[in-house]
Amino acid sequence: MSETLAERDSEAASLGEAEQPQSADPAPKNSAGGPRWDATRRRALATVFVVALLIAGTFHVAWPYLSGMNVSGPRTFYVAADGKDSNEGTSPKKAWHSLSQADHHVFQPGERLLLQGGASFSGSLTFHRGEAGDPAKPVIVGSYGSGRAAIVGSGDPGVSVYDTAGIDIRDLIVIGGGPSSGAASGIALFSDLPNGPKLEHVSVSDVDVSGFRVGVSVGGGVVGAGFRDVRVTDSLLHDNGDSGLRSYGPPFDAAEPRYANENLFISNVRAFANLGNALDHLHNTGSGIDLGSVRGAVVEHSVAYGNGANCDSREGPVGIWAYDSTGVVLQHNVAYDNHTGGLTDGGGFDLDQNVSDSVVQYNYSHDNDGPGYLLYTGKDNGAFARNVVRFNISRNDVRRPLNYASLVLAGRLTDISVYHNTVVLQGVGKQAPVVRFETGLQGVTLRDNIFESEGGRMIASSDTFSAKQVTLQGNDYYVPGRARWVVAWGTKSFGSLQAWSARTGQEMAGPQPVGLDLNPDLVLVPAPGWDPTGTPVPTPRATSPIAGRSPDLRTRFAVDEGLVDYFGTPLGAFTTAGAAQPVAVTG
């Protein structure tokens, strides 16, 4: 795996929007301090959550749902199947007939463009510099009457927002000619304004986008260009080629990081059947949600599934991931049944190269071809740092590329904390290791996790890492059945926790052993309310042998582990390894 990961450096992939200059889409998908949590890490994590709260609260109160409402007024324009382009367009009875006629109008802040619900309109809409532009008075684009209107693209984006903002796009179906038709994005936000400023406020909600290279894209083509306060919610992004949702910007500069996009909020999005481009053998295609060039983003309550099967590139797809970004929070999401057509990626979640001060928490990954959780960088520039992976589930991932693991950490990763996760390997992927470490790690800690595998391969490490490079403490390693327990540590192989710990100093806190090799007694319990898929969760019984036996991270290692577990249950004084605290189960 190390050779495969090392080979995959990022390359620019074109994402040119029609009627706009070609924009660079770096998309560097490349998959695959010290161990103490100090004041710097606490401040960094606190900053991430403050940013998340600000992102969630930044956006203006949404306009009322327009479909089926009697909306009228001098600043509202209508397009209807039985309209006429010679009409004024100012009422349903005087509606325009075509999108091209609507496109001739220069929309001012606060105006609305409503398309007849249930009808289909060929063509596209483009909002240029000089129209809209006021975040306090957004232009509204949506449907009226019964149902949603459909925009059927003809090679261009269905809706293009170019060098402007202050726009709400909602309650629409946007259909392209197929992922190979050449149309870049169904809804495209693009800016090439040199040195900014960031264009503020675009909201995309209640849309269904399919048949494009990318469902929804947000990006800047030159340094300084881009968007601030973009919201994508309650939408279906499916049957596209490269991605369901993508953000991007100019190539990343580690010496002077700048980000095209700021404050992205993505919630209740389903990204599925975005299969990838079988003709592109260089770049990753077929992801659900991929975020690049972002400062401050939240992705929550979203699902990515059934993506990526056609991508056989040396850079593969992932369900939900980020690269070249900082302050990203991925939380309360599910990624499952994602694929790769080649030997790389196809996993659930990924923090890829040049990601810093970001958090992956309370997510569920299962039955993916690749890793449940991947942290990777191919750059030796110190830009991948201070990231946290906590209270997540991985169940039966690694179903195809067995040179991976359920949890992979590879490359020049610095100051990384992975704790209170539950990883279970059964069935097809059980021959893969639970955890894989590759060269370059520094200040990486794994604590209070449950690692259970029917295959017995707990850890595969390319190096014999020192405790300053990689520290494992308080984890539970369990092999059900007759498989042999094994840790591969550099060139050495160990057949028991005790032998590995004695030789390497891992799973020790001073002179005291803190690792466990006990049956966690996991049972599948109903999903929490935030999970739209209702996937049962492996959780220790209240009578589990590991209950209450984990080192307290807050008092012992100065780790601010948070307040609640995977289910939102408050953490007590005596915690248990894994994402979910033990539950009482009857029957």
For the subset of region 269-283 comprising residues that are of a type in the set (Gly, Ala, Ser) and crowded, with 24+ Cβ neighbours inside 10 Å, which member is nearest to Tyr259 (Cα to Cα)?
-> Ala271
Does any residue in region 451-478 that is crowded, with 18+ Cβ neighbours inside 10 Å come within less than 7 Å, Cβ to Cβ, of a residue that is part of a strand (DSSP E or B) and among the hydroxyl-bearing types (Ser, Thr, Tyr) six or more places away or on a different chain, and which pairs are these?
-> Phe451/Tyr477; Glu452/Tyr478; Met458/Tyr477; Thr471/Thr445
Among the residues of region 389-415, the number that are within 30 Å of Pro528 (Cβ to Cβ) and in contact with a Phe, Trp or Tyr (Cβ under 8 Å, 6 or more places away or on another chain) is 13
Being surrounded by fewer than 24 Cβ atoms within 10 Å (Cβ to Cβ), under 19 Å from Gly176 (Cα atoms) and of a type outside the set (Asp, Glu) is the filter here, so list the residues in region 221-253 that pass it.
-> Leu236, His238
Filter region 490-507 for residues that are over 30 Å from Gln331 (Cα atoms) and either among the basic types (Lys, Arg) or in contact with a helix residue (DSSP H, G or I) (Cβ under 6 Å, 6 or more places away or on another chain) (or both) and give the result.
-> Lys492, Phe494, Arg503
Do we find that Ala432 is hydrophobic (A, V, I, L, M, F, W, C), at pLDDT below 95 and touching a Leu at 6+ places or on another chain (Cβ under 6 Å) in this structure?
-> yes
Check region 284-302 and report whether any residue there is modelled with pLDDT under 95 and either at positive phi or surrounded by fewer than 21 Cβ atoms within 10 Å (Cβ to Cβ) (or both).
-> yes
Determine which single condition Asn368 fails, assuming it passes every other condition in (1) buried (at least 24 other Cβ atoms within 10 Å of the Cβ); (2) modelled with pLDDT of 95 or more; (3) out of contact with any Lys or Arg (no Cβ under 8 Å at 6 or more places or on another chain); (4) more than 29 Å from Asp229 (Cβ to Cβ).
-> (3)
Filtering region 479-521 down to residues that are surrounded by fewer than 16 Cβ atoms within 10 Å (Cβ to Cβ), aliphatic (A, V, I, L, M) and not in a loop (DSSP other than H, G, I, E, B) yields Ala499, Ala502, Ala509
What are the residue pairs meeting all of these: first residue in region 185-197, first residue among the hydroxyl-bearing types (Ser, Thr, Tyr), second residue outside any strand (DSSP E or B), Cβ atoms under 6 Å, and 6 or more apart or on different chains?
-> Ser185/Pro157; Ser185/Phe212; Ser191/Asp163; Ser191/Ala225; Ser191/Gly226
From Ser203, Ser267, Ser247, residue being among the polar types (S, T, N, Q) and over 26 Å from Tyr364 (Cα atoms) = Ser203
For residues that are among the small types (Gly, Ala, Ser) and crowded, with 21+ Cβ neighbours inside 10 Å, tally how many sit in region 145-167.
-> 6
For region 566-585, does any single residue satisfy the condition of being crowded, with 19+ Cβ neighbours inside 10 Å and either among the acidic types (Asp, Glu) or in a helix (DSSP H, G or I) (or both)?
-> no
Name the residue, out of Leu563, Leu524, that is within 32 Å of the chain's Cα centre (by Cα), surrounded by fewer than 17 Cβ atoms within 10 Å (Cβ to Cβ) and within 19 Å of Val479 (Cα to Cα).
-> Leu524
Which of (1) on the phi > 0 side of the Ramachandran plot; (2) out of contact with any helix residue (DSSP H, G or I) (no Cβ under 6 Å at 6 or more places or on another chain) is the odd one out, the single condition Gly123 does not satisfy?
-> (2)
Is it true that some residue in region 383-392 is within 28 Å of Asn277 (Cα to Cα) and within 18 Å of the chain's Cα centre (by Cα)?
-> no
Positions within region 342-363 being touching a His at 6+ places or on another chain (Cβ under 9 Å) and closer than 19 Å to Gln331 by Cα, in sequence order | Gly348, Gln361, Tyr362, Asn363
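The values are calculated or read from the model by the stated rules, or taken from the named source; none is laboratory data. Everything numeric in this text was worked out from a predicted model, so none of it was measured. Ideal geometry is used to build each Cβ from the backbone, glycine not excepted, and the neighbour counts take in all protein chains shown.
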